[in-house]
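Visitor: One structure follows; several queries about it will come next.
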Amino acid sequence: MSAAHSRHEILIVGGGIAGLTAALSLHRAGVDVAVRESVPEVKPLGVGINLLPHAVRELDAIGLLDCLESNGVAPTTLAYFSARGQTIWDEPRGRAAGYGWPQLSIHRGTLQVLLHEAAVSELGPERIKTGHHLVDIRNIDDGARATFEVRDHPGTAESIDADIVIAADGIHSTVRRLRHPDEGMPIWNGALLYRGALEAEPILDGRTMVWAGHPDQKFIAYPIRDLPNGRQLVNFIAEYRTDSRELAEREDWNRVGDLADIAPMFSDWVFDWVDVPKILHAAPSMFVFPMVDRDPLESWTEGRVTLLGDAAHPMYPIGSNGASQGILDARVLTGCVLAHRNDPDTALTIYEAHRRPATGAIVLANRGLGPEMPMKLVHERAPGGFDSIDDVISRDEILEVTDGYRRTAGFALEALASGRSVADADYSALPS
Ligand SMILES: Cc1cc2nc3c(=O)[nH]c(=O)nc-3n(C[C@H](O)[C@H](O)[C@H](O)COP(=O)(O)OP(=O)(O)OC[C@H]3O[C@@H](n4cnc5c(N)ncnc54)[C@H](O)[C@@H]3O)c2cc1C
């Protein structure tokens, strides 16, 4: 096998949302960085994704806010409903809630393509390459060496040395598997998510994210693009929980789901504010995805190699944190690298000390239903419906859950009050 060889200050394995954000952020800070992505071509895969205001602040800091705002939708309200369509609670989101930045709902593929195009244009095609699949990683004197199979030239490899290698290669991270060979498949909680997007009339005011039902059966919808004809591209998730815990096959974001498996369960979810069966039947296609995560790790860094994004902390897609936390990792890493430019070991130690405990707490909070707990309580206390929600759950009880989750996930309003990017925080020493 012939092998090309090069060296960079930082090498990122995986050109997904977190890896590309890290590349743009480090490059703009003057760091020599390269990315290698496994897929031969970046295609706009996936459906909707949400970015919380603290992650949007970081994307703003690297100059992407205008472009993302014009390609997504900024929800102003999150509304919770019971399985009978009755209102439980609503709360303002993004700027409407007093944040300096919006929350953004966007097609994941659009986001990835925008990040990829920005990275190629700013770093150049030599530094951002697709079709390179990581097969080996090892520490060497003063750095780490990553070896990639070059997919469109069978028998060819590329090996790259770097002061630091960042594994941003997603929930099935090769680096994580090499480091933790016994970890096995992600852990499934039995829930299946049928996800899709379709052109539809706006739901409610066209700026509301709706969550209806309870942990055993739930419907979520939010717009991800305004269309010129006044309609919207609406993302939906119809979810139900099975008794199974064993995944028959590895989960895949692109696995096609069957309408016949999900539609009957929602056939009577016709409310005055949304017609769920109509949405499911009108969707051109849908994907089925199991609710999986992995246990938090005891460490992320070994020598000059560390983890970032889903490779480090895959979590249930609850509470809009998957992509948001990967973006925060990227920016904290940038701050740590800049604070310790001549001492990569210290940069990685401080990065991990900030991000590993914080994201581990969110993985666990999401297992405990995160911000969806009030929906469970309402279902348990009033399965047949209610005359007044105040008889079922108090505002204080809901606020305790939702405020607690905001604090855990790092987007409590006061945490963003200074307006300062996390990359500009003080990383001179370990957090106290
Ligand atoms: C195809 C796809 C569709 C998705 N759709 C959705 C969605 O609809 N909604 C949602 O909430 N989340 C979705 N996600 C997950 C979401 O992107 C992540 O949870 C989140 O954005 C964190 O991003 P990440 O960069 O850590 O991981 P990812 O976005 O998963 O990116 C990881 C990247 O690493 C690459 N990679 C993997 N192995 C190797 C290797 N050995 N060598 C080199 N590169 C490698 C992958 O090809 C991928 O591009 C999707 C992910 C993928 C890959």
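The values are calculated or read from the model by the stated rules, or taken from the named source; none is laboratory data. None of these values were measured; they are calculated from a predicted model. When we count neighbours, we look across all protein chains shown, and the Cβ atoms used for this are built from the backbone with ideal geometry, even at glycine.
Visitor: Kindly list the number of the only condition in (1) buried (at least 19 other Cβ atoms within 10 Å of the Cβ); (2) in contact with a helix residue (DSSP H, G or I) (Cβ under 9 Å, 6 or more places away or on another chain) that fails for Phe148.
Guide: (2)
Visitor: Assigned to a helix (DSSP H, G or I), within 22 Å of the chain's Cα centre (by Cα) and either within 15 Å of the ligand (Cβ to nearest atom) or under 23 Å from Leu333 (Cβ atoms) (or both) - does that describe any residue in region 154-171? Please lay out each step first, then the result.
Guide: We begin by selecting, within region 154-171, every residue assigned to a helix (DSSP H, G or I); these are none.
Checking region 154-171: not a single residue is assigned to a helix (DSSP H, G or I), within 22 Å of the chain's Cα centre (by Cα) and either within 15 Å of the ligand (Cβ to nearest atom) or under 23 Å from Leu333 (Cβ atoms) (or both).
Visitor: Return the residue satisfying two criteria in turn: it lies in region 315-349 and is acidic (Asp, Glu) and surrounded by fewer than 24 Cβ atoms within 10 Å (Cβ to Cβ), and of such residues it is farthest from Val13 (Cα to Cα).
Guide: Checking each candidate, the answer is Asp343.
Visitor: To continue, here is another question. For region 367-391, what are the residues that are within 20 Å of Tyr405 (Cβ to Cβ) and assigned to a loop (DSSP other than H, G, I, E, B)?
Guide: Hits for region 367-391 are Gly368, Leu369.
Visitor: Here's a follow-up. What pairs can you find where one residue is in region 174-199 and closer than 30 Å to Val234 by Cα and assigned to a strand (DSSP E or B), the other is basic (Lys, Arg) and at pLDDT below 90, and their Cβ atoms are less than 6 Å apart, with a gap of 6+ or different chains?
Guide: Trp188/Arg245; Gly190/Arg245
Visitor: Do you know which of the residues in region 301-314 that are assigned to a loop (DSSP other than H, G, I, E, B) and away from the ligand (no atom under 13 Å from the Cβ) is surrounded by the most Cβ atoms within 10 Å (Cβ to Cβ)?
Guide: Ranking the candidates gives Arg304 first.
Visitor: Let me ask another. Residue check: is Ala283 within 16 Å of the ligand (Cβ to nearest atom) and more than 24 Å from Ile350 (Cβ to Cβ)?
Guide: yes
Visitor: Of the numbered conditions (1) in a loop (DSSP other than H, G, I, E, B); (2) out of contact with any helix residue (DSSP H, G or I) (no Cβ under 8 Å at 6 or more places or on another chain), Leu399 fails exactly one; give the number of that condition.
Guide: (1)
Visitor: Only one of Asp268, Asp272, Asp295 is touching a helix residue (DSSP H, G or I) at 6+ places or on another chain (Cβ under 9 Å), part of a loop (DSSP other than H, G, I, E, B), surrounded by fewer than 18 Cβ atoms within 10 Å (Cβ to Cβ) and in contact (Cβ under 8 Å) with a residue 60 or more places away in the chain; which?
Guide: Asp295
Visitor: Here's a follow-up. What strands (runs of 3 or more DSSP E) completely inside region 1-76 contain at least 2 residues that are within 16 Å of the ligand (Cβ to nearest atom), touching a residue at least 40 places away in the same chain (Cβ under 8 Å) and out of contact with any strand residue (DSSP E or B) (no Cβ under 7 Å at 6 or more places or on another chain)? Steps first, answer last, please.
Guide: Working: elements: 2-13, 33-36, 48-51.
Qualifying strands (runs of 3 or more DSSP E): none found.
Visitor: Same structure again: Based on this model, can you work out whether Asn235 counts as polar (S, T, N, Q), part of a strand (DSSP E or B) and modelled with pLDDT of 95 or more?
Guide: The answer is yes for Asn235.
Visitor: Name the pairs: first residue in region 105-133 and more than 22 Å from Ser320 (Cβ to Cβ), second residue within 15 Å of the ligand (Cβ to nearest atom) and basic (Lys, Arg), Cβ to Cβ under 7 Å, at least 6 apart or on different chains?
Guide: These pairs meet every condition: Lys129/Arg36; Gly131/Arg151; His132/Arg36; His133/Arg151.
Visitor: Could you identify the single residue in Ser320, Ser418, Ser394, Ser324 that is out of contact with any Cys (no Cβ under 8 Å at 6 or more places or on another chain) and on the phi > 0 side of the Ramachandran plot?
Guide: On the way: Ser418 fails: on the phi > 0 side of the Ramachandran plot; Ser394 fails: on the phi > 0 side of the Ramachandran plot; Ser324 fails: on the phi > 0 side of the Ramachandran plot.
Ser320 is the lone residue from the list that is out of contact with any Cys (no Cβ under 8 Å at 6 or more places or on another chain) and on the phi > 0 side of the Ramachandran plot.
Visitor: Next up: Among the listed residues Arg231, Arg245, identify the single one that is under 26 Å from Val292 (Cβ atoms), charged (D, E, K, R) and surrounded by fewer than 20 Cβ atoms within 10 Å (Cβ to Cβ).
Guide: Checking each option against the conditions leaves just Arg245.
Visitor: Let me ask another. Report the residue count in region 315-324 for those that are in a helix (DSSP H, G or I) and within 8 Å of the ligand (Cβ to nearest atom). Spell out how you get there, then give the answer.
Guide: First, pick out the residues of region 315-324 that are in a helix (DSSP H, G or I): 322-324.
Within this subset, residues satisfying the condition of being within 8 Å of the ligand (Cβ to nearest atom) are 322-323.
Residues that pass the stated criteria total 2.
Visitor: Now a separate question. Only one of (1) within 23 Å of Val39 (Cβ to Cβ); (2) over 23 Å from the mean Cα position of the chain (by Cα) fails for Ala197. Which number is that?
Guide: So the condition that Ala197 fails would be (2).
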